[in-house]
Amino acid sequence: MNEINKNENKFLKKNELCCQLCKGDTQFLGNKKVLLNQNTGLYFCNKCQSLFRFPMPSEKDLYQFYESIPFIKPTGFSRYRLSRRLRKTKKQAMALEDLLINQGYNYDTSILDLGAGIGGLIKELKCCGFKNVYGIEGRQQARDCSMNEFGIKLEPGWIFDAHKIFPQAEVICISHVLEHLDKPWEVLDYLKKYYPGALLWIEVPNGELSSKRYSDVVLWNFWLTQHLWAYSREGLKSLFNQYDISLIEISTGRHYPMYEWIRAFEFSFARSLFRHGSNVALSIKGMLAIILRIIFIYLPIKLYKYLVQRMPFISLPDEPYYLRVAGKIPSSKD
Ligand SMILES: [Zn+2]
């Protein structure tokens with residue numbers, strides 16, 4: 001029995017593992033890569049259709065990973081990427097503006113972006129006319145980029161530092177952060193304690209597409225290695241329910257038109273590399289098989305990923321399909 005099979009059995013025994021979002025039963029989908037080079041189990045919830053890793057990487061590994069991943073500075077081709085990304089954040093800001101005005105907020109409302117990245121959403125919200133928009137970001141390089149690009153100062157810190165820095169926030173935004181967290185429910189628990197009555201607005205990649213169309217070896221070993229969760233609408237609704245956060249709206253959509261074709265090409269390319277590489281590697285044993293895998297599978301895919309990050313037209317700044325949810329955190333007297 002090889003190492004992977006042994007591990008699969010180990011995880012299969014833990015298949016009574018229930019989904020922490022909805023308490024539904026789960027099924028084991030195999031061992032996949034996570035962060036830089038760790039392996040862990042991937043599970044699918046039969047009830048809410050979310051996906052998650054188990055065991056999760058340790059907190060130390062997570063911090064180390066996010067401190068160490070290289071940051072692509074917006075020069076040359078990556079400037080094009082940045083401009084596409086800003087077009088996306090502009091749409092996010094406009095949707096949030098509509099929601100806030102509909103909910104009775106005004107342009108003086110205090111808005112906090114948790115895990116603000118390079119500050120794009122803050123910049124676009126300010127462009128919409130909101131005067132009090134702030135952000136917290138843990139990575140120094142991202143904060144520097146926000147300052148250099150937009151003149152926006154982000155406060156250093158991680159999510160659970162928010163109440164010490166911006167206790168007055170009335171609206172909390174968390175954009176493309178929850179999929180990177182090992183225990184997302186801790187965030188809701190924290191916000192309920194420190195921000196009662198606030199409006200919570202969350203955007204994550206749409207995990208329903210990950211589970212239905214892309215739950216394969218290529219996606220989870222190469223494209224989504226930083227993601228610990230792929231959320232579904234039912235999963236997020238259940239999570240809100242657990243913390244008495246009343247749902248205001250939930251929606252899905254896509255940020256980059258034509259993307260399906262590009263991704264379809266990416267995946268068929270990567271899958272064929274895997275198929276051919278695995279056939280070659282299977283017929284040869286030992287060290288040579290490992291070397292052949294590296295040459296025929298890993299290096300071409302890494303090269304493709306490197307290029308795709310830097311080339312205009314096909315370059316995608318980040319996840320194209322979104323799932324957005326907004327809710328009201330119960331006020332302390334509720
Ligand atoms: Zn579930």
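The values are calculated or read from the model by the stated rules, or taken from the named source; none is laboratory data. On a predicted model such as this, the values are computed, not experimentally measured, just so you know. FYI the Cβ positions are ideal-geometry reconstructions off the backbone, even for glycines, and counts take in every protein chain you see.
Rundown of residues vs (1) of a type outside the set (A, V, I, L, M); (2) within 14 Å of the ligand (Cβ to nearest atom); (3) over 17 Å from His227 (Cα atoms); (4) at pLDDT below 85, yes/no style:
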position: Lys13; (1), (2), (3), (4): yes, no, yes, yes
position: Phe44; (1), (2), (3), (4): yes, yes, no, no
position: Glu67; (1), (2), (3), (4): yes, no, no, yes
position: Arg84; (1), (2), (3), (4): yes, no, yes, yes
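When Gly197 is tested against (1) surrounded by 14 or more Cβ atoms within 10 Å (Cβ to Cβ); (2) at pLDDT 95 or above, only condition (1) is not met. Listed by position, the helices (runs of 4 or more DSSP H) inside segment 122-224 whose residues that are among the hydrophobic types (A, V, I, L, M, F, W, C) and in contact (Cβ under 8 Å) with a residue 12 or more places away in the chain number at least 3 are 140-150, 184-194. Being in a strand (DSSP E or B) and near the ligand (Cβ under 9 Å from one of its atoms) is the filter here, so list the residues in segment 46-58 that pass it. Scanning segment 46-58 gives a single hit, Phe52. The set of residues in segment 45-62 being without any contact (Cβ under 8 Å) to a residue 60 or more places away in the chain and out of contact with any strand residue (DSSP E or B) (no Cβ under 9 Å at 6 or more places or on another chain) consists of Ser58, Lys60.
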